[in-house]
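Reviewing the structure listed below.
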Amino acid sequence: MERLLKFTMKPGWVLFLRLLGISLLIVGIVTAALKLTFGGFRPILWFLLAFAAFLGVICAELFRIVALLESKRQD
């Protein structure tokens, strides 16, 4: 579990999730504007996937804050 938390706190992972969320949001806006579906994915599903990616960013940042506070408390 500790290895997973350390992996999610890496800045590269947070950057990946941010870029993924932004790109999914753009795809959702374009598909909504053009009234298209790609592979059965309607625009609302693209927005929900973008929301999930942004939730991942929030969780990763919260993990980093908790780790910082715990390290300060131990000192």
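Each reported figure results from applying straightforward, stated rules to the coordinates on display, with no laboratory input. It should be emphasised that the depicted structure is a prediction, and the values quoted were computed from it without experimental measurement. Cβ: placed from backbone, ideal geometry, glycine included. Neighbour counts: every protein chain shown.
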Response to the item:
When restricted to Phe47, Phe38, Phe63, Phe54, the only residue among the hydrophobic types (A, V, I, L, M, F, W, C) and free of Cβ contacts under 8 Å to residues at least 12 places away in the same chain is Phe38
Worksheet item: Across region 36-71, what is the number of residues that are closer than 10 Å to Met9 by Cβ and among the small types (Gly, Ala, Ser)?
Response: 2
Worksheet item: Does any residue in region 1-18 that is in contact (Cβ under 8 Å) with a residue 24 or more places away in the chain come within less than 6 Å, Cβ to Cβ, of a residue that is aliphatic (A, V, I, L, M) and assigned to a helix (DSSP H, G or I) six or more places away or on a different chain, and which pairs are these?
Response: Thr8/Ala60; Val14/Val57; Val14/Ala60; Leu17/Ala53; Leu17/Val57; Arg18/Val57
